[in-house]
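Structure first, then comments.
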Amino acid sequence: MSDPSRAATCVKDIDPLRYTSYTDECCRVLEELREYPTDMYLVQLARLNRMAHRIVQILPFDAYNPPHIASSDSVQRCVEALEAELKRLKPSSAQDCIQDSILALQYYNLELLLYESALEDDFSKNDGNSTGVHCDILHSSLISAKDFFSTFSSLTPQYFLYLPYSVYQQYYHAVDSLSKLLLLAWKERDQINAPTTIDVPTAVNMFVGKAKEAVRFLNDEESSLCAEEILYQLIARVRTFKELHEERLANVESYDINTNATRRNSIRDATFSLPHGMSWQFLDSE
């Protein structure tokens, strides 16, 4: 998945790269020839990138709702249509190599993006009066979160060192999504039976544990010292989401626009750090 697509998944006001007819033709040629073992991996990455573009373009629903269709119906129809497209791209359940795991993580991350975007209005409500449609979407989103973290937990520590940076970004997005979904499930506790999933501290500790195990596999070379520093930076960033979740828990019964804007910028700072210690809050103030 391209850098703009990763950014669009985690920071929704950034557009991903467009998937053109030429891109589609290249994918078809690679799919037919399969000259190299990684050809189909690239094809699947490109098609998942296309789905990221479609989800970001179609959502949020306030720009999508036709005036003659009730809001809950339009949400349901749109989610079902995108969900059907996405399921056609679902990777094989057999994860025999690291590429299979990467594709699975990206797939479940896109499911989270779809469901999270559909629930965007519900996150800001103080009450628990969401529609039945939204409760169904919330149920599906928690299952996607469970699948994402289950897939990540199956990675061996040796793989952790060689994951594309996109996987770390997706993990940050998944933890942030899980935080919002669990808080929404708490508000909707009288209306839904939330499926068993992990909590945010467990998700953060899973990442930290994998990173620390990976550090133990490093040797004493200078390049390994650099890798160790990077891993500890990743650990510091993912711990930021645990702090944000605790703040959300403390304010679950209130909704302050300024507070939520600050949270959004904190998430951006953790996920897409700007050079020279700059904050996204500075850019928003321009």
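Quick notes on this structure:
- Subset of K187/K212; K87/K242; K90/K180; K146/K210; K90/K210; K187/K242 violating a 28 Å alpha-carbon distance limit: K187/K212; K87/K242
- Using θ = phi - 60° in the Karplus curve 6.51 cos²θ - 1.76 cosθ + 1.60, the 3J(HN,Hα) couplings for region 99-109 round to 4, 4, 5, 5, 4, 5, 5, 5, 4, 5, 5 Hz; x is entered for Gly and Pro.
- Sorted by Cβ neighbour density within 10 Å, fewest at the top, the residues Y107, Y36, Y171, Y19: Y36, Y19, Y107, Y171
- In plain terms, the chain from E213 to E120 could stretch by 29.9 nm, reckoned as 0.36 nm per residue minus the Cα-Cα distance.
- With the simple spin-label model, which puts each label point 7 Å out from Cα in the Cβ direction, the T20 to A81 separation comes to 2.6 nm.
Each reported figure results from applying straightforward, stated rules to the coordinates on display, with no laboratory input. These figures come from a predicted structure and were not determined experimentally. For neighbour counting, all protein chains shown are included, and Cβ atoms are generated from backbone atoms with ideal geometry for every residue, glycine included.
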